[in-house]
């Protein structure tokens, strides 16, 4: 298998998952489709900018889906899938640029995809469980402030 | 990863953050703001995923690999143009899985990868190993491998640790010309007087029948043609072709003008000339001929014609000397060089000039030698191509030089780049 091919296929799968999670309104579906198409074109034509644009389109579909009444778990899944699609598409391009076709990279690509999926799944699951544990009673502002605090803490722990 | 630039020095460890998720934190904070504005906890939670990634990127540390590498080559000494198969075995000797391990072998600068890839990216459990195989072709001389580059990344692929790890096993390959005889080597008629196995145009004693002539007083009785006498009643003497050793001097054109190749990936005309000299040397050596070697660079290297084991060793040393290939000197004078060669070459020797004949001076040198009474055979590796008008012109000019040499009575073997030497020699005979 050529370098980057496994990551590219999994990136498209993640983009499809994001599209399915957010495809509750026409606008959200169009944004999701644009994002998926952009990521597909980017991994085929080796364009990192296309990956960024695709991820942004997938991310834009999340508030559009929220306006259309998408459930909170679906939005969390969309967030995880969007991040996964971006990471794997970027990894696909990096792998293709770094290794000539005879090189075998599939095993490492699958290991990376598995690792990132577990990482993002844990993050997504954790934040949703915390949200659900508070019975969804916390206001969005409180959650946002909590996240801002987490970011500040992270920044402070490492120079 | 396949570019030698940017590799850390041997003994150094480089850790770098790849910044793959740069900007995610900002985007996530914008998402948080949108979520607050729309009063949507789902958006804020989705943005939290991005924030978590940004946090991971900041906190992640690279794995410390314990990797051992063994390199093996299928042949440590190869002939020019022969590929060497390199096998690189990488083992994870640590106690943790290496999820993203990248290894690039330090292919010698003088080598070209012709098959496979010298790099691999894999994931290795503790104790596991992986094998990467590729093939290279090297230039003449010794080609030393450098320590491979080993890079490991964390599971998220955001931080990388790179270092050079010394490989056990084979560290170099040697590419030397083959002293492998050819089946046929056309020589000019003139020979020396020593006994050998090369049949000459002279007649006398030997084993190859040549002619029956009238008997003359003093002819040995052992060569009387008794059947002829029985048939005709007249005495006749059988003449045989004597087998004598030729004395041959190889003149290798090692001037800068001969440092030409059809393209950078192919051997230069000097390399091909030296390789041909090695093979022709082996051919004549097996026939018992006396062989000398001269070069046309400023150094004017000279090995007097001789034979035997020590002479063979000296010829081997001369023809495997890497400095031969650098094409030194710019003071070649055809008349002076021909005079020098005639002065030091034994009488009744003949000369085989190995040159691409890409300019006129070497043509004048060959003709001068011939006019001074030295039989000259020219074996010319063709470095020309037809890729452009200029190249086509160079080819035409070279063809005209070959024709003029033939017209001057020299034996000429034109050796095209895509043809084995053996075939070129056979066609040269015709």
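The values are calculated or read from the model by the stated rules, or taken from the named source; none is laboratory data. Just so it is clear, the model here is predicted, and its values are computed rather than measured. A quick note on method: Cβ atoms are made from the backbone with ideal geometry, for glycine too, and the neighbour counts reach across all protein chains shown.
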Note to self: Just the residues that are more than 12 Å from residue B:370 (Cβ to Cβ), surrounded by fewer than 22 Cβ atoms within 10 Å (Cβ to Cβ) and touching a helix residue (DSSP H, G or I) at 6+ places or on another chain (Cβ under 9 Å), please, taken from region B:338-354.
What the structure shows: B:339
Note to self: Tell me the residue from B:121, B:140, B:153 that is more than 12 Å from every other protein chain (Cβ to nearest Cβ) and touching a residue at least 12 places away in the same chain (Cβ under 8 Å), please.
What the structure shows: B:140
Notebook entry, point to check: Name the residues in region A:22-77 that are buried (at least 24 other Cβ atoms within 10 Å of the Cβ) and part of a loop (DSSP other than H, G, I, E, B), would you?
Noted result: A:70
Item checked: Condition met for residue A:81 (surrounded by 24 or more Cβ atoms within 10 Å (Cβ to Cβ), more than 7 Å from chain B (Cβ to nearest Cβ) and over 30 Å from residue B:131 (Cα atoms)) -> yes
Check: In the set B:49, B:13, B:24, B:73, which member is touching a residue at least 24 places away in the same chain (Cβ under 8 Å) and more than 51 Å from the chain's Cα centre (by Cα)?
Finding: B:24
Notebook entry, point to check: Across region B:8-29, which residue is nearest to residue B:51 (Cα to Cα) among those that are out of contact with any helix residue (DSSP H, G or I) (no Cβ under 9 Å at 6 or more places or on another chain) and within 14 Å of chain A (Cβ to nearest Cβ)?
Noted result: B:16
Item checked: Any hit, region B:137-146, residues being more than 20 Å from residue B:175 (Cβ to Cβ) and modelled with pLDDT of 90 or more -> no
Margin query: Please verify whether residue B:272 is surrounded by fewer than 24 Cβ atoms within 10 Å (Cβ to Cβ) and either outside any strand (DSSP E or B) or at pLDDT 85 or above (or both), treating the condition exactly as stated.
Written below: no
Item checked: Options B:90, B:67: the member that is crowded, with 17+ Cβ neighbours inside 10 Å, within 19 Å of residue B:154 (Cβ to Cβ) and more than 13 Å from chain A (Cβ to nearest Cβ) -> B:67
Note to self: For residue A:115, only one of the following conditions fails: (1) within 18 Å of residue B:51 (Cα to Cα); (2) more than 10 Å from chain B (Cβ to nearest Cβ). What is its number?
What the structure shows: (2)
Next item on the list: Mind listing just one residue for me: the one in region B:285-295 that is modelled with pLDDT under 90 and more than 19 Å from residue B:176 (Cα to Cα) and, of those, surrounded by the most Cβ atoms within 10 Å (Cβ to Cβ)?
Entry: B:289
Note to self: residue A:120 - would you say it is free of Cβ contacts under 8 Å to residues at least 60 places away in the same chain, part of a helix (DSSP H, G or I) and at the interface with chain B (Cβ under 8 Å from one of its Cβ atoms)?
What the structure shows: yes
Note to self: From the list B:162, B:171, exactly one residue is at pLDDT below 90 and either in contact with a strand residue (DSSP E or B) (Cβ under 8 Å, 6 or more places away or on another chain) or crowded, with 16+ Cβ neighbours inside 10 Å (or both). Which is it?
What the structure shows: B:171
